[in-house]
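Below: one structure, written as structure tokens.
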Amino acid sequence: MYERILVPLDGTETDRAIIDHLLKLAKIHNSKIYLIRVLHLHTRDELTFETKKTENYLKNYMEMFKKEGIHSRSLIEYGEPERVIPQKAKELNVDLIAMATHGHNWLIDILFGSVAHKVRHTVSIPVLMIKGKH
């Protein structure tokens with residue numbers, strides 16, 4: 001059912017909630033996991049530092065999936081996450097977008113919106129959202 005799953009990560013502890021869930025879900029469906037981190041940066045120094053940090057971050061999660069026999073691939077993209085994630089989902093022809101949410105309060109989400117909320121209203125494929133642990 002879920003052959004290809006796109007997993008947007010934000011580089012925080014919140015990501016662990018969706019990773020733990022996918023370690024089980026991907027085995028059941030024999031899924032290929034696409035871990036994506038979208039960086040929105042303003043300076044060249046930020047770009048260099050955050051890209052290297054992100055490569056290591058994604059590598060650690062890919063090793064977790066590999067140990068469980070789950071095929072994964074990592075992607076680092078640049079731009080606005082709420083635009084890049086739906087674009088990549090379409091490009092990769094994924095069946096599911098699975099992401100952790102921070103569980104902001106409703107007022108902050110109404111005023112500013114969350115990436116998860118914007119993505120879910122942009123795509124026509126299922127979006128699985130798991131509230132991260134704080």
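The values are calculated or read from the model by the stated rules, or taken from the named source; none is laboratory data. Owing to the predicted nature of the structure, the values given are computational and were not obtained by experimental measurement. In this analysis, Cβ positions are derived from the backbone assuming ideal geometry, glycine residues included, and neighbour counts consider all displayed protein chains.
Structural remarks
- Scope segment 1-38; condition of a type in the set (V, I, T) and not in a helix (DSSP H, G or I); matching residues: I5, V7, T12, T14, I33, I36, V38
- Residue match in segment 45-65 (condition: in a loop (DSSP other than H, G, I, E, B) and either out of contact with any helix residue (DSSP H, G or I) (no Cβ under 9 Å at 6 or more places or on another chain) or of a type in the set (A, V, I, L, M) (or both)): no
Here's the yes/no breakdown for (1) crowded, with 18+ Cβ neighbours inside 10 Å; (2) in contact (Cβ under 8 Å) with a residue 60 or more places away in the chain:
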position	(1), (2)
D15	yes, yes
K24	no, no
R37	yes, no
F49	no, no
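- Hits in segment 57-67 (condition: within 17 Å of E77 (Cβ to Cβ) and either surrounded by fewer than 14 Cβ atoms within 10 Å (Cβ to Cβ) or of a type in the set (K, R) (or both)): K59
- Residues of segment 78-130 satisfying the condition of being under 28 Å from R44 (Cβ atoms), part of a loop (DSSP other than H, G, I, E, B) and either acidic (D, E) or at pLDDT 95 or above (or both): E80
- Leading residue by the ranking (surrounded by the most Cβ atoms within 10 Å (Cβ to Cβ)) among those in segment 68-80 that are within 29 Å of H117 (Cβ to Cβ) and of a type outside the set (S, T, N, Q): I70
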